[in-house]
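Structure first, then comments.
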Amino acid sequence: MGTVHVILVDNYPSARAEACGFQEPSMTEDMLLIWRLKRGSRRALQRIYEKYESYLLTVAMTLLNDLAGAEDVVHDFFVSLAQSADKLSLAGSFKAYMAICVANRARDVLRKKRDCVSVGEKEIPGTDCPELAAINDEQIRTVSRAIKELPYEQKEVVVLHLQGEMKFKDIALLQNVSLNTVQSRYRYGIDKLRSLLNSELEK
Amino acid sequence: MRPTEDIEILVKKLRINPRAEMHTKTLNDILKAQEKSKLDASAVRSPGIGRIIMRSPITKLAAAACVFIAVVAGIYFITGKTPNVTCCAWAQIADKVSQVKTCVYRQHQRRSGGTFGQKVWESESIIYTSSDYGYRSEATIDGNLMLSYMNPKEKVVVTMLMSMKKYTRAMLTDEMADQMKKETQDPRDMLTKFMSDPYKELGKDTINGVEVRGIEVNNPPSVRGIYTNYIGRLWVDVATEYPVRTEIEMEIETGDEKTNWVIITDGYEWGVELSPDLFKPDIPADFTLMAEVNMPNRDETSAIDGLKYFSELTNGRYPSSMNSDSATQESSMALSQSYQQSMEQALIKDMNLAPGVSLSEAIQQTVAESLIKDMNLTPGMSLGEIIKQSFAMDMNLAPGVKPSEAIQKELLDKAKKNGEALQQEIISRTKKISEEMLVKTKKINEAMQQELMNKTMQLQGPSSFYNKLVLDGNDPNYYGKDVTARDPNAVLMTWKISDDTYRVIYGDLSVENVSAEQLKKMEQ
């Protein structure tokens, strides 16, 4: 009995809660983390970073297809969070809030990149970047390659909905388009992914 | 062709792990950024204008009081007689669970309808219990974070309301501390009670990939008079025989209204090692004590005392139900109305505003009086009359003179301009008074909080006693829905004190012992 080893970080329950094997990180834990972060807790900031770093890196990487760029986006987001934590005011999920921030930053990066790409290098579609090669599961690596082929708007909807767990209506607000448009983008995105994955299978 | 669900699952599974060097660099950078921003941070922030509104602090306080009481009243969550689990397999589970000294679990509550109207009230909590150290709850209630600690050895419940930077201390009676020690929010006790009620087997099912088997209780005797349409389900892991999930659906009757209440408890972890520090309240230095109160004794005197006070607040009514949740809601409503009136009167007196009127009327009158003085107008005019008078004065012409259209237009423009300036002046003076009021309100609020909490506790007396009677098997009955203080001889509450004797509280709150036969006649 009692096989789970509890990690208590400064009376922090979140590490514990994860150790308990909760399916979803609870809103309660995040609210407690935010509350402590707003009061300047170093441990809270560290915990948030460690808890969500990989998740946000995945969102950024999926949107940008560029590990260095994704790392920069995540780095800049966390620095900004650390600097302005006291002004943080959340109405909904912290996880979704962070995904939106990262998506906005990724979009800025792509905009700047597009301005430079006309005089710079061109991407070669379909090639694996080294970081994708680091994904062990072949099936997931294939999906990652396929997502890369989606138009940006579709990719953003698919990633924010599935990875960021955002509702379509919230994504519509973010993209400044109608709910129908977002749902269509999602449907087209998934259809295209299906078709790309099927053609991979046939190879 | 791949189904959509497969693709969605694969996308969800995508995870890029950070490179070690990048992880360390980013962590260092953000910790430095945090340190720098702490140094740069301005120490003081001015309060928002929205908070000037008088209702806001009262509402917040009343809500906080309710939340606090709801947690403390959580001890009555499920009551029941001494567990007597007879079924072999389930008896083993009850026995196994009762041996465990610690437990952590997650609880989601949702209330809707009835007194909540269109609103849906939700809370999510992580709860830690330990036989040695007590109880800790981390709850988000309607988006507000609240931490509660209960230490039975020190006989105290500490509740921290994070957004308000306040905390309360509730001192427990010896009897209550003993009982809380045994069963406060302790799922071990809750589960054994669950199994002690008549139940039916639900067979096997799967929850989150775990094979479980369950039982269901339907309106068990232990909740009679407290909850209606009560259905509880308990699911136990077939392999480990530890409970993995409980589901409770019930209704609370408040007067003619019914509130639906769903409580899902899962994420159980049994026998986990918990640090004693987890159960020590870590109150930040800038938190202030909102109130320190004594929990009411669970006896007849406290019950009558609470009923008397409730009836004074509500013009002779009594709580419609002895369900602690319903009684809390009704009491809070009555108390906050009375509190708001007292607050307004204290403020009007403190600021020398016009007495005998509502606060908004008093503000308007004060602004009107200051304008009458400055503009040399007739005393006693209202703000509306001042605006009209000012406009008429601007348009006033010598008798018999018919102005040209051009002059008429010029005068109208001037009057409009002056009218706008006057309106701005009114807004500015109202704002000034409101700002003064904010400062005064805070002071009065602080002074009244302690009293408010004491009164709230006093109002808990009846339901607290009633729940004890249920727990002790005294078969109580309560008729507050139909009986008021204007029915002195009507039976308000009864309970059994021996095989043939009942105790009765009447509508005028007098008390006597009657035989079972007499009671039967009275109730006819």
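Just a few scattered comments:
Residues are listed down the side, and each one gets a yes or a no for (1) within 7 Å of chain A (Cβ to nearest Cβ); (2) at pLDDT 80 or above; (3) within 28 Å of residue A:38 (Cβ to Cβ); (4) surrounded by 15 or more Cβ atoms within 10 Å (Cβ to Cβ):
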| position | (1), (2), (3), (4) |
| --- | --- |
| B:11 | yes, yes, no, yes |
| B:17 | yes, yes, no, no |
| B:27 | yes, yes, yes, yes |
| B:33 | yes, yes, yes, yes |
| B:43 | no, no, yes, no |
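- Residue match in the range A:29-44 (condition: among the acidic types (Asp, Glu) and crowded, with 21+ Cβ neighbours inside 10 Å): yes
- Flag for residue B:219 being more than 22 Å from the chain's Cα centre (by Cα) and either surrounded by fewer than 21 Cβ atoms within 10 Å (Cβ to Cβ) or at pLDDT below 75 (or both): yes
- Within the range B:102-158, considering residues that are aromatic (Phe, Trp, Tyr) and assigned to a strand (DSSP E or B), the one surrounded by the fewest Cβ atoms within 10 Å (Cβ to Cβ): B:121
- All positions within the range B:308-346 that are aliphatic (A, V, I, L, M) and either surrounded by fewer than 24 Cβ atoms within 10 Å (Cβ to Cβ) or in contact with a strand residue (DSSP E or B) (Cβ under 7 Å, 6 or more places away or on another chain) (or both): B:313, B:322, B:333, B:334, B:335, B:343, B:346
- If you go through the range A:49-58 and keep only what is facing chain B (nearest Cβ under 9 Å) and either crowded, with 19+ Cβ neighbours inside 10 Å or of a type in the set (Gly, Ala, Ser) (or both), you end up with A:49, A:53, A:54, A:55, A:57, A:58.
- A search for C-beta distances below 8 Å between a residue of the range A:60-83 that is closer than 14 Å to residue A:107 by Cβ and more than 9 Å from every other protein chain (Cβ to nearest Cβ) and any residue that is among the acidic types (Asp, Glu) and assigned to a loop (DSSP other than H, G, I, E, B), counting only pairs 6+ apart in sequence or on different chains, returns A:65/A:123.
- Of the residues making up the range B:282-297, those that are under 17 Å from residue A:39 (Cα atoms) and more than 10 Å from chain A (Cβ to nearest Cβ) number 4.
- Members of the range A:163-189 found to be surrounded by fewer than 22 Cβ atoms within 10 Å (Cβ to Cβ), within 14 Å of chain B (Cβ to nearest Cβ) and assigned to a helix (DSSP H, G or I), listed by number: A:168, A:183, A:186, A:187, A:188
The values are calculated or read from the model by the stated rules, or taken from the named source; none is laboratory data. Note that the structure is predicted; figures quoted are calculated from it, not measured. Note that we place each Cβ from the backbone using ideal geometry, even for glycine, and neighbour counts take in every protein chain shown.
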